[in-house]
Each structure stands twice: as C-alpha cells, then as structure tokens.
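Written out below as structure tokens is the structure these notes cover.
Nothing in this text is a laboratory measurement; each read-out follows from the coordinates by a stated rule. Every value quoted in this text rests on a predicted model; they were computed, and no experiment measured them. Glycine gets a Cβ as well: all are built from the backbone with ideal geometry, and neighbour counts include every protein chain shown.
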Amino acid sequence: MMRRGFTTGQIHRKSTNASWVGEDESPTTIVRRGKFEPKKLFSIFFKSNGPVLIHDVNEGKTIDHNYYIENCLKPVVKEIWKQRKSAGTKGIKLLQDNARPHIHSDVINYLTEEDIIIMSHPPYSPDLAPCDYWLNDYIKRNLTDQPDEKSLALPVFTL
C-alpha cells in the first residue's frame, strides 16, 4: 500500500529551474512551496496489473487502525473477491510500511482472518517501497498541474 500526500499546482522540478545568466544579470527567482501548503492524501492499493483501490482521505482526517480497516482494507478485500471469485484473497500478499495503523494487532488479525499474507517491511526503509520505482514519479509528472484538490482527485482515480 502506498499513502501519498499531493500538493496542488505545479512548481517546476530542479532541472527546469536551471538557466544561464549573464555577468550583469541576476538569477531567476525560484518559487518554493510553503511548509504548510495543503496536501491531498490518497491511499492507493495496487497489484502488478494496476490499482485495486484508490481511497480519498478527507481533509483533516486522522487515520487510525479502525479507519484503516473499515475504509481501506475491507473495500480492498471486497474488490479482490470481485476480481478473483474462485480464489478470493488466497495467495494475496500485502506489503505496507510500519506505520502505527498498519501494525496494530486488530489490523494484523483482520488480514490473517482474510487469509492475506503480510510481507515484512524493514523499519526505516522507504527505499524498498515498490511504488517509489514508478508510481510516485508517474504522479509527480502527470498530476501536478491540477489547480485544487477536487480536480486532482479525478486523474488519480483514473490511473
């Protein structure tokens, strides 16, 4: 699973900020995002053939283990059963980081009851997250020109 916050509006990447300046010219101003600029949070569950569930988290909502089970895991399990009517969740492996809602005993018990295999994720190892190899870059490249959170949500849901 990947949880990712998105800021709205494009600020060019470092490579596009590079420019040649003459001796008597001042360098161009580089706009930086504000520290507390609003972000949009999505929980994205995906398999090798694409997304299974994209959950839009309401602004200001805190994700605890109950929220994670009810709004993320149960809909994912339901969707998997729709896609795999005969096998269901048998053989499904879930890789998630070690965030508190993910490692809560209720979450582990729920996943075990649903016959989902939990793959261990080493602590403090974000470099091992599969979505870092393609999903984050894809989103940054293609979805950052949205003017606000509502218009950002539509392209994310059509990944």
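General remarks:
- Average Cα contact separation per residue, the stretch 34-77, under 8 Å, 6 or more apart, as relative contact order %: 32 percent
- Global geometry of the stretch 17-119, whether rounded, prolate or oblate, following the gyration tensor of its Cα atoms and the 1.5 cut on a/c: prolate
- Taking 25 Å as the limit for the C-alpha separation, the pairs K40/K82; K39/K140; K40/K85 exceed it in the case of K40/K82; K40/K85.
- At R0 = 30 Å, FRET efficiency that the Cβ-Cβ distance of K93 and D64 yields, to 0.05: 0.80
- Residues in the stretch 57-100 reached by a label modelled at D115 [backbone nitrogen below 13 Å; 7 Å Cα→Cβ]: 81, 84-93
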